[in-house]
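Everything below concerns the one structure shown next.
Values quoted throughout were computed directly from the atomic coordinates according to the rules given, and no laboratory measurement underlies them. This is a predicted model, so every value here is computed, not measured. All Cβ positions, even for glycine, are placed from backbone atoms using ideal geometry, and neighbour counts span all protein chains on display.
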Amino acid sequence: MEESDINTQPSHPRRQGYRSQGPLSALILVIALSIQFNLHKKYLIKETEQFPSHETQVALMERLQPFFLPEPLLRMTLGGLIPLYVDWSWIRVLTDDTLLRPPRAERTRLYHALIHVTEIDPAYFEAYSIGGSLLAIIRDDIYGALDLLLRGERFRTEKLQHEPKEVREFTWKNQWQIPYQISYIYLIELHDIPSAASYLTLASKLEGAPTFLKRLEEKLATKQGQFRVARNIVSAMLQTELNKDPNSRMTKELNERLMQVEIAELFWRSNDLLNQSVRSKNAQARNARFRQLQQEGKIPFYDPQGARIEFITTSGSPEGIITSATPRRGALGL
């Protein structure tokens, strides 16, 4: 038996088993949750009653941090029922049906709920892995997802070694997913290639990591390679979700992410080809060459969404660029 398995107090109570303390504890749990719910509700009403617009109230409620009882008070009050409370909080996370996407400078209620879960149970692997995906992909809370995943990474590197063997080898058997998801955010959402490469390398060296990860880091050195890595990452996440539920919202959002990566790559390739074909900055000459490339079949007439590919000039690009009317959220800085 390893030394770390002896006399080690785990940081998360839910793995120790449920310790029922009878009707009194159940009553205390109901009272505590009722107090938390009513304080949260009162807090929201107080903050929103001055806004007559329903849309304004909904938007404000989305951005407000939920009210949670302090962790020490929860532990003192609930005792052995803490595991039940953690599971209840996790169910709230999974059943959150709010689809509003606030500005990226704001944090969603889902983010605060996930932070609350991980503060009570720092070893709750799914709160980081699934929660990170929910924030980044479903809610577009990129910075919230990054903060949550970085908390998970700190736990993995600093505290996981002190957890019982069951937690290390079973609960966290796919620990490579944490740095892997961090690399996704840095690469696709924030276009921070050095950070993406660093976490991708870290993920590839962890036990259980897919073999294809080991081949991805070197490809990040070129723009073409970055798009290839992005496609591989999103495709792998999409395949995992398809195996779970092909009709889920996560599947739909990942399909959209993959499409955005493909469209971004199409226009990067098209503009790069045009820039190599004509050195002139004259928009008329570039437009003429663009149409030649289309006639030669080197640039398509329509993008994957069916919108016509055009050559336009803008105040930021007076020499002209190739684009389309398809709405794009951006990928790899494009």
Seminar exercise, completed: Within segment 271-300, the count of residues that are among the polar types (S, T, N, Q), under 37 Å from the mean Cα position of the chain (by Cα) and not in a helix (DSSP H, G or I) comes to 0
For this session: Please specify each residue of segment 277-320 satisfying the condition of being in contact with a Lys or Arg (Cβ under 9 Å, 6 or more places away or on another chain) and within 17 Å of E265 (Cα to Cα).
Result: I299, F301, Y302, F311
Exercise. Restricting segment 198-228 to residues that are among the small types (G, A, S) and either in contact with a Leu (Cβ under 9 Å, 6 or more places away or on another chain) or surrounded by 14 or more Cβ atoms within 10 Å (Cβ to Cβ) (or both), which is nearest to D272 (Cα to Cα)?
Worked result: G225
Problem set entry | Single unsatisfied condition, E253 versus (1) surrounded by fewer than 16 Cβ atoms within 10 Å (Cβ to Cβ); (2) of a type in the set (D, E); (3) under 17 Å from I185 (Cβ atoms) | (1)
